[in-house]
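All of the numbers you see were taken from the coordinates with simple rules; none came from a lab. The structure presented is a predicted model; accordingly, all values stated were derived computationally and were not measured. Note: ideal-geometry Cβ built from the backbone for every residue, glycine included; neighbour counts use all protein chains shown.
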């Protein structure tokens, strides 16, 4: 929560207002709202994945509160690329208003539509490509090719009379990309010549010195590992990383092996990518998983999900001997993927499990089988120098990433007062080349849990943390409504608690005595009696067992 | 749990039996039992720190079960060095039998004794040093200097007529250690000449290629960072890492700054280290924390705990503005420490919090301020070649580390059949130069939680995980014992659950109807009635809300 909440002034005509709703101070749920002339344009609408202090949460959405009453003013949602942290919240936005148009590249929209289908939604879409210009309400949009760890990513320049904003989305500047589709620095240069008033720039790797290595440097490593593999090869990566999968397919084909996709999202995304021409599979290389089992072990590469140790994904199930493919001696497993912070223990458990089964496990810790999808510090410096933007607002990153990115901007000569370190909900107004912070909204986390959206609260999560760390003790007492006399109980039950329930035999008479005393002094209210129970057993547990479980007193009148 | 449990045969006279109770397949709770001629020698007795799937657990102990009835036969516990994963379980062992002698170096024993004092225990101790030989029961012990991330670490050679075992403890081979105390390769060579029959060797970094950099390479980096720091400097590291702290003190002194220790364990350990001559503090450099506050900001370095993001340690509290030292603009924070897998999110939260307060945060991700304490693959190869042991049993590591270490042994020419990949509880007999696996004990995790030891079970942890992910719903119904008729209820309460309790209004009549039907068909038993409640609400919650909380039905007779 921001420390310093204040309302922005009414938006003046001719001023562009920029309000990030997500993605600042966090890696995920990227979403920024642009307002001009009474209309809203949204760039990206992603989800954030929960951390360990948010147990049981499936997804975290941006807080739509500031736009909930203005959905009729939304002229479109630009989706820069097809990753979950940029498109994952679209179904939840469309559930509020289903006819908001989605604007994006061919692959991006195909992935969004597959996702919407799972939610039984259909959307109005506008497919765009690099170089294309579109007027969307009062916003003149210009799309610029960028490369990233998914094909067909776009940056978007937003022109209004208030000035020009360039939002990169996620990007890097691979100078030899597999598909030849460079981040278009000529377009950046041209935008820079004309003047970029505000630059919203990906900060994910701003604290990584130097340059992100080439994606194509991974191919020869995959080739070598597959060439040496005596039996089956299983490669795990992100299910949207088309170029990584392309390199696996090429390395497999070069070594006379066929490839079978494993995992629902891998099959779905690669089918889309091949259909649309982003993935190129030589004839006869792909094979259905069911048929792959009949091939000799040294003739197959399985391309699977689960590179982050997700418990239900293919790779974890293999490690737990809970998958039809039984990994064994001589098999090779390649984790051609990053290791997202927080997933380390899960991933190492998978590596250990597979090693124990006899597999040779190759991962980024022992081979060059992964490169990042984000521009490192060296690349960002190029960007700043080519664009020379008047104002910079680093986005997509935790606070340290935003700070590191602002520092890079300043190193290239952008004044410190023109580099805006914003939070989610920071309201920035742009006019006449001047960008300034004019407000700070109070935004929250919107948790998706099962079929509930936004119903679980931080208080619920705190309860879960206590329950998960300490368990609970419930005490049930049935009392006579008129006299307060105990009819039944106290019964004491504990779950997730170290002791046998018999340990409570000791405290039951104390609870009964405390209740009797309270009843004798005239207390009848069950809530007040519950508090007596809570205090009595709480103190006892704390002193006797040095524990602080949740205490759930249930005093019932009969 | 090992898959293949079988009892070893009775131990033959003249055979040495080696049984690791902890530290294999995990990083922590190192403990190995040696049996010869009816007597037991223990090497190390450490704790393991819990992972996220073991919520609320404070510590995990080795399973003492195999020696519980043989404590009278234990002739001593050799402690190789003073880290928690080698000494932390000593108090729990001594609580079973308080007069088991402890054998270790001066610093190691001092740290153990400080720990025992907190448990109100005192121990019999024997202080040894490198080069020393001691007969302990039927075991002839010979202590060998090794270096590690704590001073005064020892390897131990165990000679019996059955053969010679060398156990390294944790070690690396820093060739220019700060204290000049090299891992004694001359002693290794001499042991090798005489013949090492079984080599128990640290595997922690066996999968890291190359060589661990020199500890002293960190000094100049610390010096540069401190020299450039405009205001206060706060350095966080492990509270037992004497040489790291030494380098901080030296860099502080070189820059005209004084040093204050922060955090209970830092103060305690550094007091011990200085008293015993392991830490050398120039006159007038140390200053009490209370007095340090009066110094100018550019004249102080705080040396603190909390480098792993532990929520109650100094550094986390600073990041949360919950410490007397309010970190602000111009302050420099150095995390001169490793990043233990599983702690990433907590550490990054601390880094982010401090950055947000204005501090410049230096850590191993952006500067060379940490080196490991364990031998990497290159160093291990030296060891194998100098020792040429007949048999090798990699210890101290997860499965992948043990495998990587065995592979290194084999690369130097040790036959695969002589490299033993053991688990906790694997029983290995050594006689006449032959080591073989003769049994596999079933050992468990012993959880410490508050004042309870070994009372919490894996089932309790499973309950906690469910509670922590999903919360619980309790349903209370008071029924007439004779008729089964409902007197009060159903009352439904939920905690850690997404919905408001009013959502249950819908299901209460269903529960009442199900109970009435059961009562009418003659069911009276409260357990059976509870199951009716559980099924009714469980199905409803799952279908209606797509959730699977713990259901706690409480049917009470009155």
For B:19, B:412, B:127, which order do you get if you count the other beta carbons within 10 Å of each Cβ and list the fewest first? B:127, B:412, B:19
Burial-style ranking of B:365-372, B:66-73, average other-beta-carbon count within 10 Å with highest first, yields B:365-372, B:66-73
Kirkwood hydrodynamic radius over Cα pairs of the stretch B:383-466, then Stokes diffusion coefficient at 20 °C and 1.002 mPa s, in µm²/s: 139
Helix axis angle, A:106-118 relative to chain A longest principal axis, alpha carbon, degrees: 30
Over all viewing directions the Cα convex hull of the stretch B:177-237 casts an average projected area in nm² of 6.8
Binned at 10 Å from 0, what are the whole-percent values of the Cα-Cα distance distribution for the protein assembly as shown, short to long? 2, 9, 16, 19, 20, 18, 11, 4, 1, 0
With angles folded into 0 to 90 degrees, how steeply does helix B:264-275 sit against the dominant principal axis of chain B? Use alpha carbons for both and round to 10. 20
Compute the label-point distances linking residue B:275 to its equivalents in the other copies; points lie 7 Å from Cα along Cα→Cβ; give nm, one decimal, shortest first. 7.4
Separation in nanometres of the label points that stand 7 Å from Cα toward Cβ, at residue A:372 and residue B:502: 4.8
Shortest first, in nm, what separates the label point of residue A:485 from those of the same position in the other copies (7 Å along Cα→Cβ)? 2.0
Between A and B, which A residue has the Cβ nearest their rotation axis, distance in Å? A:468, 1
Taking each residue in B:52-59, count the Cβ atoms of any other chain within 10 Å of its Cβ, then average. What number comes out? 4
Mean shadow of the stretch A:305-437, computed from the convex hull of its alpha carbons, in nm²? 10.7
For residue A:9, inter-copy label-point distances (7 Å, Cα→Cβ), nm, shortest first, read 9.3
Report, largest value first, the span of the C-alpha coordinates of the stretch B:312-355 along each principal axis, in whole Å. 29, 20, 15
If you look at just the Cα atoms of the stretch A:442-558, how large are its Rg and its Dmax in Å? 16.8, 50
If each part is reduced to its alpha-carbon centroid, the stretch A:99-147 and the stretch B:281-307 end up apart, in Å, by 57
Stokes-Einstein, Kirkwood over Cα pairs, the stretch A:215-363, 37 °C, 0.692 mPa s; D in µm²/s equals 218
At 0.36 nm per residue, and after removing the present C-alpha to C-alpha distance, how many nm does the segment from residue B:114 to residue B:280 gain when stretched out fully? 57.7 nm
What relative contact order, as a whole-number percentage, does the stretch A:67-157 give when Cα pairs under 8 Å and 6 or more residues apart are counted? 27
For chain A, what is the calculated [θ] at 222 nm in deg cm²/dmol (nearest 500), taking -39500 (n - 2.57) for each run of four or more DSSP H residues and dividing by its residue count? -9000 deg cm²/dmol
Sites residue B:106 and residue A:53, calculated FRET efficiency, Cβ-Cβ separation with R0 30 Å, nearest 0.05: 0.10
For B:240, B:530, which order do you get if you count the other beta carbons within 10 Å of each Cβ and list the fewest first? B:530, B:240
At R0 = 45 Å, FRET efficiency that the Cβ-Cβ distance of residue A:481 and residue B:462 yields, to 0.05: 0.70
Once the Cα atoms of helix A:242-254 and of chain A are each reduced to a long axis, what angle between those two axes, in degrees from 0 to 90 to the nearest 10, is obtained? 70
Convex hull over the Cα atoms of the stretch B:26-98, averaged projected area in nm²? 5.2
Fewest to most neighbouring Cβ within 10 Å: what's the order for A:178, A:467, A:387? A:178, A:387, A:467
Give me Rg over Rh for chain A, both radii from the alpha carbons and Rh done the Kirkwood way, two decimal places. 1.07
Treating every alpha carbon of the stretch A:341-381 as one equal point scatterer without solvent, the Debye formula yields log10 I(q)/I(0) values at q = 0.13, 0.34 Å⁻¹ of -0.42, -1.10
For chain B, averaging the sequence separation of alpha carbon pairs under 8 Å that lie six or more residues apart and dividing by its residue count, the contact order in percent is 16
Describe numerically, in nm with one decimal, the distance between label points set 7 Å from Cα along Cα→Cβ at residue B:293 and at residue A:217. 5.0
